[in-house]
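Please treat every number below as a calculation from the coordinates, not as lab data. Just so it is clear, the structure is predicted and the values come from calculations on it, not from any experiment. Glycine also receives a Cβ, built like all others from the backbone with ideal geometry; neighbour counts cover every protein chain displayed.
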Amino acid sequence: MSVALVTGGAGSIGQAVITRLLDAGYLIGISSRDPVATESFRQSIDPQGSRTLSLPRHPQDPDWANAAVAAVVDAWGSIDAIASCSGGVRRTGPWEEILDADWHEAYQDNVLDPLALVRNAVPYMKHRDARIVFVASFVASSPGLWNPHYSSAKAALVHLVKYLARSLAEVQISVNAVSPGYTLTEGLLRTLENSPPLSTENGADFVAMRLKSMSDKMPMGRLLSPDEVAETIVFIVTSSRALSGQNIIVDGGISLSR
Amino acid sequence: MAASLLTNTDMRKRILIVGSDGNFGKELVRMLDGQHVVVGIDYAEKPWFIGNDRGGGVGGCDVTAVEDVFLLCQEIPHPIQGLVYLPRVRLRDRLSEVTLESLLDEFSVSVGGLVHFVQALVGTQGSSSNCGLSVVSMSSVLASRVSSFEGLGYHLSKAALEQLVRFLAMELGSRGIRVNAVSPGWMVRTSDDLDNLIEEVRTPLSRVNSGKSPANFYEVAALISFLLSDASQSLSGQVISVDSGVSNLETSFAAIGPLPDNWQKS
């Protein structure tokens with residue numbers, strides 16, 4: 001059976017990916033910063049606990065990637081796929097309101113953490129026709145006015161994908177990114193709630209106003225669902241090895257009109 | 001018309017494949033047939049005709065003539081939920097051989113034909129039937145790289161095709177119509193085909209692909225199948241390269257040089 005390591009296991013996209021990979025017959029290591037939520041999810045999809053492995057991650061643990069990879073390899077011997085679904089930012093806003101700590105956190109969570117995972121996992125993925133998929137964002141190539149730390153970090157991640165794809169081709173590892181458009185996830189809601197409202201926004205309704213604003217910008221008139229994003233991630237993981245170095249934008253067409 | 005019209009069932013999509021008898025088209029039909037209702041339209045003798053060419057365009061369809069395409073689409077049972085447009089590679093003109101006429105010929109099939117089919121499907125099916133239509137065309141790594149393997153017209157028409165895909169996706173998105181393209185590099189029928197290439201082609205090809213095998217027909221067909229499916233319902237306006245990473249390289253494809261006449265051993 002093939003083995004996958006999925007990060008962001010407590011998030012909406014991560015859980016949608018895990019569910020589909022389980023249906024596809026994978027053994028799955030689930031990395032998450034919310035072990036309680038992850039364990040509850042894991043119990044619901046794998047009551048016997050025979051096909052999933054919980055990889056709790058302390059937010060301040062610099063060795064988390066090594067520990068996660070070691071646990072998966074100890075259990076199942078190798079790794080065939082990585083789906084890096086963790087990331088995001090705690091809050092957003094115009095560039096002049098983003099603090100240095102926000103910038104550092106954005107790059108740590110969205111670039112350095114995925115890189116650390118790959119660095120630790122590659123020795124166990126070589127010559128296995130393995131797949132690595134990073135979740136980036138459509139704002140990597142179509143930035144708005146609100147999240148400079150997030151969009152630039154995701155742009156760095158997309159560039160890293162291209163670099164890693166070339167570097168790892170000779171050991172038969174494909175590397176790609178999936179860049180979702182506005183997707184209705186719990187992470188998005190948390191970020192909006194943590195972001196200060198503009199003076200023009202009613203404090204009680206500004207999250208709803210922002211969600212509506214996002215929906216109105218989408219050609220289909222709604223936000224994406226995590227399932228829609230997960231379908232493309234799982235397609236890449238389970239199919240063509242000839243896909244590599246690509247950034248597949250799953251955004252309902254919004255980036256075409258920006 | 002050399003089309004096979006099958007009975008539709010509620011659970012499957014009706015997919016129209018233009019160019020279904022080409023080397024790649026046959027593989028695509030093989031993959032989709034059974035999952036979906038496949039309506040295949042074959043190439044005819046003249047490069048811009050499809051279906052049975054009985055001379056003068058009668059009985060066939062000139063894809064460069066929008067009226068012909070409309071008539072063809074009206075004959076096919078509706079609704080059509082997928083269109084795969086596989087323009088035939090026509091000319092390998094070197095720069096010294098290129099004429100304005102030859103460039104226009106290439107564009108009229110590769111780009112104009114797709115426009116006509118989209119216009120015809122949107123026009124004949126009505127707005128209520130358009131939701132869920134997925135259009136997939138075939139681009140090439142040579143839309144953004146250069147190679148002496150193919151002529152100038154091919155390079156230009158593929159670059160234009162990719163912009164057309166984005167434009168159509170933007171224009172038709174509000175109708176629930178998705179438009180995408182797949183962009184292969186060198187394709188082989190099966191991975192075993194590599195052994196059939198002469199050394200002068202196989203070695204530089206392997207170097208360009210960083211040691212990875214080129215995509216085979218099955219892999220490209222699988223991507224098209226995904227783009228036709230509801231699993232990709234949020235994907236539109238995208239050109240997805242399935243080329244073992246060739247388009248990710250900074251060097252141009254031209255390193256391979258001209259394709260020799262005897263590039264296959266058998």
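Observations on the structure shown:
- For the range A:1-154, a crude dipole built from +1 on the beta carbon of Lys and Arg and -1 on the beta carbon of Asp and Glu, taken about the Cα centre, is about 460 debye to the nearest 20.
- Most positive-pole-ward Cα, A:P62, A:I45, A:V3, against dipole of the range A:1-87 from beta carbon charges: A:I45
- Label-point separation, B:R12 to B:D33 (7 Å along Cα→Cβ), nm: 1.1
- Cα gyration tensor of chain A - equivalent ellipsoid semi-axes, whole Å, descending: 30, 20, 18
- Among A:G93, A:Y150, A:F134 - extreme Cα towards positive end, dipole of the range A:57-165, charges at beta-carbon: A:F134
- Size descriptors for the range A:112-204, from the alpha-carbon set: Rg then Dmax equal 16.8, 55 Å.
- Only Lys, Arg (+1) and Asp, Glu (-1) charged, at Cβ; the range A:45-136 dipole about Cα centre in debye: 480
- Entries of A:K126/A:K162; B:K13/B:K158; A:K217/B:K158 with Cα pairs more than 24 Å apart: B:K13/B:K158; A:K217/B:K158
- Here the contact order of chain A, divided by its residue count and restricted to Cα pairs under 8 Å and six or more residues apart, works out to 21 percent.
- Normalised convex hull volume, the range A:146-244, alpha-carbon set, Å³ per residue: 119
- Unit Cα scatterers, Debye sum, the range A:41-175: log10 I(q)/I(0) for q = 0.17, 0.18, 0.19, 0.20 Å⁻¹: -0.98, -1.06, -1.12, -1.19
- Under the simplified labelling scheme, the A:R90-B:Q163 pair shows an inter-label distance of 4.6 nm, with each label point 7 Å from Cα along Cα→Cβ.
- Test item: B:214-227 mean partner chain Cβ contacts at 10 Å: 3
- Dipole check for chain A: with +1 at the C-beta of Lys and Arg, -1 at the C-beta of Asp and Glu, and the Cα centre as origin, the magnitude is about 620 Debye.
- Calculated FRET value between A:E170 and B:D193, using beta carbons and R₀ = 30 Å, to 0.05: 0.90
- Between B:V146 and B:S102, the FRET efficiency estimated from the beta carbon spacing at R0 = 25 angstrom works out to 0.90.
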